[in-house]
Every structure is written in C-alpha cells, then in structure tokens.
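Structure, as structure tokens:
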Amino acid sequence: MKQLFSTSYYLYFGFVYLLFCLLLWLPIIVFVRGKNKYEAARKIKLFWSKWMSFLIGIKTEIKFRSNPDPKLSYVICANHKSYLDIVLMYLVIDQDFSFLGKSELLKWPVINIFFKELIDIPVYRDSKTRASECLILAENEIRKGRSVVFFPEGGWDNSEKGMRRFKNGAFKLAIDTQCSILPVTFKNNYDLFTDHKDFSGNSKPGLAKVIVHDSISTDNLTREDLVDLRDKTYEVIKTEIEYENRY
C-alpha cells in the first residue's frame with residue numbers, strides 16, 4: 001500500500017510540475033527579458049515555489065538563526081538530496097539570487113529559459129575549463145548585487161547515506177569576492193521526495209524543515225583559508241541533519 005501511494009504521489013508530482021510549465025511558459029517568455037528580467041524571474045519563481053509546494057502538500061518550517069541582510073550578497077550553500085531543495089529555496093531566501101545548476105537542466109523545457117537568459121548559471125562537470133567559466137559568471141552576479149546558490153556536494157546518489165564532501169568552487173568564490181557564506185540545512189527533504197527515478201516508497205507530502213544559519217564572514221580570508229572555510233560550512237550544515245536523525 002505504501003509503495004502504491006508513493007508511486008501515485010510521484011506521478012502527481014510530475015503532473016503538477018508539467019502543469020506549471022504550461023501555465024508559466026508564456027509569462028516567462030514575455031517578461032524574463034531586458035533590464036527588468038531579474039525581478040520578473042524572481043516573482044515568477046516565487047509564485048511557482050509557493051503554489052507548487054501547496055499543491056503537492058508540502059508545508060515548510062523555516063528557522064532563522066539570524067536574518068540575512070537583504071542589502072548584502074551571499075554565497076548560499078545548502079545540502080542537496082532532493083528536488084524539493086530547489087522548489088523550496090525560493091521560499092527560504094527572500095532576495096534575488098542565481099542558481100548554479102547542472103548543465104543537464106538545459107534540456108528541460110521552460111527551466112532552460114532561465115539559463116539561456118543568464119538568470120541562472122549552468123555547471124558543466126565534464127570540463128574543468130567550463131566549470132571555471134561558471135565561477136566567473138557567478139562572480140559577475142555577485143558584483144551586480146545578487147546572491148548565488150550552490151549545492152557544494154555536486155549532486156547526489158539515492159543509495160548514499162549522509163552528505164558528500166563539499167567541492168571547492170563556492171568557497172573560492174566567497175573568498176575572492178569577500179562575500180559571506182550563508183549555510184542552509186534542508187533537514188528532511190530526502191524523506192519526503194528524492195527524484196523522479198526513485199520509487200522506493202519514501203515519497204509523500206509532509207513538513208519540510210529548514211534551517212538558515214548565521215552567515216560566515218570571509219573578511220580578510222585568502223585562498224589559504226579555503227579548506228577551513230569549506231569544512232566549517234560543512235559541519236554547520238551536517239550538525240543539524242545529525243540532530244534531526246537522532247529524534
């Protein structure tokens with residue numbers, strides 16, 4: 001019975017996603033253009049995030065260890081084992097930001113428009129040169145006053161438990177721009193929904209628990225401090241997940 005409900009929920013999730021693709025395609029084509037494209041994209045994505053999470057039965061409990069300064073740019077780092085991480089990020093971070101997303105998303109209809117319009121930044125994992133270029137684009141977004149969201153684990157595998165080691169890109173960017181890190185923990189999204197290929201029976205509506213941590217300053221840090229910064233961010237995020245799993 002659980003397996004049947006989970007499979008039905010996955011199919012329903014896919015239906016809702018495709019429905020929003022159809023509904024938002026024209027507004028995205030019309031409004032995500034020109035000098036106002038960032039604000040238009042932010043409003044459309046917030047609408048999508050709010051109503052999609054409502055329709056799929058996901059409520060969100062967000063706890064702020066501190067309130068991010070809306071006037072500042074951040075390098076936002078979050079753990080990542082669920083597509084819900086992407087859907088809910090727009091409810092968690094109430095300011096303009098650019099996602100670094102895997103280049104495979106360029107094949108997805110509607111979503112690829114945001115990458116083509118340089119609202120979001122594709123990451124090419126098969127090429128060190130192109131991966132470096134994405135950091136240059138991310139730095140440009142920081143200079144514009146936007147924040148940038150990283151999933152520094154670089155992806156996930158449904159068979160893996162726990163967090164992967166963080167890659168260095170986000171922390172290079174933060175140090176080079178002297179931009180604070182803002183850690184975000186998605187405590188239990190994996191238990192609600194993973195991806196479209198997982199029919200293990202864990203898919204269900206529920207309460208997504210999120211922690212927005214104190215920002216981590218990079219003032220006066222250099223590349224020599226990169227590993228310490230990376231490991232500190234990792235531990236901040238990981239500690240909340242381990243605490244959740246104990247109870």
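To keep it simple, each residue is scored yes or no on (1) within 28 Å of E141 (Cβ to Cβ); (2) buried (at least 20 other Cβ atoms within 10 Å of the Cβ); (3) touching a Cys at 6+ places or on another chain (Cβ under 8 Å).
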| residue | (1), (2), (3) |
| --- | --- |
| W156 | yes, no, no |
| F166 | yes, yes, yes |
| A174 | yes, yes, no |
| T177 | yes, no, no |
| I181 | yes, yes, yes |
| L192 | no, yes, no |
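Would you pick out the residues in the range 24-42 that are without any contact (Cβ under 8 Å) to a residue 60 or more places away in the chain and either farther than 20 Å from Y83 by Cα or hydroxyl-bearing (S, T, Y) (or both)?
Let us first name the residues in the range 24-42 that are without any contact (Cβ under 8 Å) to a residue 60 or more places away in the chain, namely 26-27, 30-31, 34-36, 39-40, 42.
Passing the criteria: L26, P27, V30, F31, G34, K35, N36, E39, A40.
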**Message:** Given the condition more than 28 Å from A40 (Cβ to Cβ), surrounded by 17 or more Cβ atoms within 10 Å (Cβ to Cβ) and touching a residue at least 60 places away in the same chain (Cβ under 8 Å), answer yes or no: does some residue in the range 144-154 qualify?
**Reply:** yes
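Would you point out the residue of the range 208-244, among those that are acidic (D, E) and part of a loop (DSSP other than H, G, I, E, B), that is surrounded by the most Cβ atoms within 10 Å (Cβ to Cβ)? Step through it out loud before you land on a result.
Step one: filter the range 208-244 for residues acidic (D, E), giving 214, 219, 224-225, 228, 231, 235, 240, 242, 244.
Among the residues that remain, those that are also part of a loop (DSSP other than H, G, I, E, B) are: 214, 219.
Numbers: D214: 14, D219: 6.
Here the residue is D214.
Counting residues that are surrounded by 14 or more Cβ atoms within 10 Å (Cβ to Cβ) and modelled with pLDDT under 95, which strands (runs of 3 or more DSSP E) fully inside the range 17-127 reach at least 1?
Details: elements: 58-64, 75-78, 97-102, 121-123.
Filter on the range 17-127 gives 97-102, 121-123.
Applying the selection to the range 56-85, what residues are basic (K, R) and either out of contact with any His (no Cβ under 8 Å at 6 or more places or on another chain) or closer than 25 Å to D176 by Cβ (or both)? Break it down stepwise before answering.
Quick first cut of the range 56-85, residues basic (K, R) only: 59, 63, 65, 71, 81.
K59, K63, K71, K81 - these are the residues of the range 56-85 that are basic (K, R) and either out of contact with any His (no Cβ under 8 Å at 6 or more places or on another chain) or closer than 25 Å to D176 by Cβ (or both).
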**Complete:** L137: passes all of (1) of a type in the set (A, V, I, L, M); (2) out of contact with any Cys (no Cβ under 9 Å at 6 or more places or on another chain); (3) buried (at least 20 other Cβ atoms within 10 Å of the Cβ) but (3)
**Asked** Is it true that E133 is of a type in the set (D, E), touching a Phe, Trp or Tyr at 6+ places or on another chain (Cβ under 9 Å) and in a helix (DSSP H, G or I)?
**Response** yes
**Message:** Suppose we keep only residues that are assigned to a helix (DSSP H, G or I) and among the hydroxyl-bearing types (S, T, Y) within the range 162-207. Which one would you say is modelled with the lowest pLDDT?
**Reply:** Y190
**Asked** If we scan the range 50-73, do we find a residue that is within 14 Å of the chain's Cα centre (by Cα), touching a residue at least 12 places away in the same chain (Cβ under 8 Å) and over 30 Å from N202 (Cβ atoms)?
**Response** no
**Asked** With (1) surrounded by 15 or more Cβ atoms within 10 Å (Cβ to Cβ); (2) closer than 29 Å to L118 by Cα; (3) not small (G, A, S) as the list, and Y12 as the residue in question, which single condition is left unmet?
**Response** (2)
**Request:** Report yes if V32 is out of contact with any Pro (no Cβ under 6 Å at 6 or more places or on another chain), under 29 Å from F166 (Cβ atoms) and β-branched (V, I, T), otherwise no.
**Result:** no
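The values are calculated or read from the model by the stated rules, or taken from the named source; none is laboratory data. Owing to the predicted nature of the structure, the values given are computational and were not obtained by experimental measurement. No Cβ is skipped: glycine too gets one built from the backbone with ideal geometry, and neighbour counts run over all protein chains shown.
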